[in-house]
Structure formats: C-alpha cells, structure tokens
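A.B. asks: Encoded as structure tokens, here's the structure I'll be asking about.
The values are calculated or read from the model by the stated rules, or taken from the named source; none is laboratory data. What you see is a predicted model, and the numbers here were worked out from it, not measured in a lab. Neighbour counts run over all protein chains shown; Cβ positions are idealised from the backbone, glycine included. These area figures cover heavy atoms from the full protein model, side chains too; ligands, DNA and RNA do not enter into them. Shrake-Rupley method; radii C 1.70, N 1.55, O 1.52, S 1.80 Å.
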Amino acid sequence: MSLRVLYEAPQHIVAIKPAGMPSELTSDPGGVSLIQRLRRAYPPPLEPKLPHRLDRVTRGVMLVALTKDAIAFYNQEIRLGRWGQFYLARVSWPQNRDVCTLLGPHKAYLKTVRHRAKIVRSGGKPSFLEVLAVHPAPGRAGQQHVLVKLLTGRFHQLRAMLADLGSPLVGDKFYGDEKPRQRKIKDWSDFYLEHIILKYVDLEQGTRRMAHLSNDPDREELAPAMADEVKKLLGKDSD
C-alpha cells in the first residue's frame, strides 16, 4: 500500500489513494491511514490536512494541503463549487435497460443514518451528480462502467444515488442488492470506484490544474469508447 505522488508543490501534493486504505481515522495508533503516512513523510513545519476524503474502498486522486493557508484556500474552493471531480464506477446493469435512463443530471436529498446515506423526501441535503457516459465493462456480463461528474460532496452520495437509480455498484455491501450479514465486511474484492480526475486551481501558480494518472496499472480495463470519454474530459479545461 505504498503511495504514488503525482504532483508535489510547496503547499500541497496530489497522491493516489489505494483502495482499502482509509483517508483518515479518528484513532490511528498504527499509522495506517493516508493522512498519517503523509504526516510522517512531510513532518513539521508542514501540516498535512485533507480538504476532501475518499471512502476506504474507493481509490484514486486525492489533494492534500501542507500548510494552514493551503487548507483554508482549498476548503473555500470546494465550498464555492470550483473543483471538478470525476469518478469511474462499475455497476450492475439490468438486462435490456436503456442507457438513456441513467445518462444526464440527477438530484436527490440525502440524510446520514447510522453511518449510511439514506435518500429522503424531506429533511435531507440536496445532492447533485451527472452521469456523463455508460459503456459495457469488458469481460463482465451484466455490468457497465459509468463516468460520473460529482457536483456535491455528500457522504456516500455517488453509491447511494446510483443504487437508487437502479444501478448499484457491483459488490457494494451497503447499497447493493444484498443486505450485509455482518457488521464488518472484509471482502470488497469485486467493488470498483475510482476518483479518476480532479480539476482544481493551484494555490501557488494560480492556474487550473488537472490531476489524473493516465497509465494506472490498478485501473480496470475500459472499453475503447469509455477510454475516449475520459480523454475528452482531460481536454476540457472549463469543467
């Protein structure tokens, strides 16, 4: 579970978090979380902090602030909706379902109940995402890869909303077709969710930066059409 650093600047870095590694833990005496590993690698006077997080089972791009100015800046950028966050997920696909039923923008109201996201009619936080592309997952019958632009960053938002839309992530023990039989589930081997692209403004340079690992050996094989959709995003600076 070594960390791959994509970009390093005086006040922030961008790294790839592996699936299975927690972003941060309330108690972490073993120092297994991403943030504790980075605090060992970037000791004082640097102060690594996370403006955003990924679920333990999610892999992909993470930005880490190294100074107080950086964490304040990137927290503000997120609040103002200036980040472009794109995810790749593998979902169950009912036979004969039309792709058009999932494509496009979606809205839901989410409420956190017992460490899970629940879609409610009232009293929840408005949550938005847009499904940009859907293509068959190579070698996996009845499964599709979906490319999603996350417009709000709610707890478990993407997983809960895709399940509610009839396409839960394959192997998702919390939001899939089967209810978990035990409190702690260790086998997430068939689950795949990746934060594949992050578009943000570089604090030091003041320019728009795109964080993405093109030749990632741990990324699932994509259909050529889906690979082309990812390439199109990389060529759009405005998203």
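A.B. asks: Give me a count of the residues in segment 7-24 that are under 23 Å from G206 (Cα atoms), without any contact (Cβ under 8 Å) to a residue 60 or more places away in the chain and open to solvent by 10 Å² or more (accessible area, probe 1.4 Å). I'd like the intermediate steps shown before the answer.
C.D. replies: Just the residues of segment 7-24 that are under 23 Å from G206 (Cα atoms), to begin with: 7-16.
Checking the rest, the ones that are also without any contact (Cβ under 8 Å) to a residue 60 or more places away in the chain come to 8, 13, 15.
Remaining after also requiring open to solvent by 10 Å² or more (accessible area, probe 1.4 Å): 8.
Final tally of qualifying residues: 1.
A.B. asks: What residue, among those in segment 5-28 that are among the charged types (D, E, K, R) and under 11 Å from M62 (Cβ atoms), is modelled with the lowest pLDDT?
C.D. replies: The residue in question is E24.
A.B. asks: To continue, here is another question. Could you grab me the full set of residues in segment 187-208 that are modelled with pLDDT of 95 or more and among the basic types (K, R)?
C.D. replies: Hit for segment 187-208 is K199, nothing else.
A.B. asks: With the structure loaded, tell me whether L38 is touching a residue at least 24 places away in the same chain (Cβ under 8 Å), touching a Leu at 6+ places or on another chain (Cβ under 8 Å) and over 15 Å from K199 (Cα atoms) or whether it fails that test. Talk me through it step by step, then tell me what you get.
C.D. replies: Details: touching a residue at least 24 places away in the same chain (Cβ under 8 Å): yes; touching a Leu at 6+ places or on another chain (Cβ under 8 Å): yes; over 15 Å from K199 (Cα atoms): yes.
Here the answer is yes, as L38 does meet what is asked.
A.B. asks: A further question follows. Since F155 meets every condition but one in (1) out of contact with any Pro (no Cβ under 9 Å at 6 or more places or on another chain); (2) open to solvent by 50 Å² or more (accessible area, probe 1.4 Å); (3) assigned to a strand (DSSP E or B); (4) touching a residue at least 24 places away in the same chain (Cβ under 8 Å), which condition does it not meet?
C.D. replies: (3)
A.B. asks: Sticking with this one: Of these, L50, L103, L63, which one is closer than 25 Å to V170 by Cβ and either at pLDDT 95 or above or in contact with a helix residue (DSSP H, G or I) (Cβ under 7 Å, 6 or more places away or on another chain) (or both)?
C.D. replies: Selected residue: L103, the only one of L50, L103, L63 that is closer than 25 Å to V170 by Cβ and either at pLDDT 95 or above or in contact with a helix residue (DSSP H, G or I) (Cβ under 7 Å, 6 or more places away or on another chain) (or both).
A.B. asks: Against the definition (farther than 30 Å from M210 by Cα and not charged (D, E, K, R)), how does G171 come out, yes or no?
C.D. replies: When the stated conditions are applied, G171 does not pass them.
A.B. asks: Of the residues in segment 118-152, how many are open to solvent by 80 Å² or more (accessible area, probe 1.4 Å) and either touching an Asp or Glu at 6+ places or on another chain (Cβ under 9 Å) or part of a loop (DSSP other than H, G, I, E, B) (or both)?
C.D. replies: Final tally of qualifying residues: 6.
A.B. asks: Residue by residue through segment 52-108, note down the ones that are in a strand (DSSP E or B) and surrounded by fewer than 16 Cβ atoms within 10 Å (Cβ to Cβ).
C.D. replies: Step one: filter segment 52-108 for residues in a strand (DSSP E or B), giving 59-65, 84-92, 104-108.
The answer is G104, P105, K107.
A.B. asks: Looking at (1) at pLDDT 95 or above; (2) buried (at least 18 other Cβ atoms within 10 Å of the Cβ), which is the one condition that is false for E221?
C.D. replies: The failed condition is (2).
A.B. asks: Criterion first (of a type in the set (S, T, N, Q), within 17 Å of Q85 (Cα to Cα) and at pLDDT 95 or above) does S127 satisfy it?
C.D. replies: Spelling it out, S127 is indeed of a type in the set (S, T, N, Q), within 17 Å of Q85 (Cα to Cα) and at pLDDT 95 or above.
A.B. asks: If you don't mind, another one. When segment 190-239 is examined, which residues are found to be touching a residue at least 60 places away in the same chain (Cβ under 8 Å), in a helix (DSSP H, G or I) and farther than 21 Å from H52 by Cβ?
C.D. replies: If the condition is that a residue be touching a residue at least 60 places away in the same chain (Cβ under 8 Å), in a helix (DSSP H, G or I) and farther than 21 Å from H52 by Cβ, then A225, M226, E229 are the ones that fit.
A.B. asks: Follow-up question, since we're still on this one. For residues that are under 23 Å from D202 (Cα atoms) and part of a loop (DSSP other than H, G, I, E, B), tally how many sit in segment 25-44.
C.D. replies: Final tally of qualifying residues: 3.
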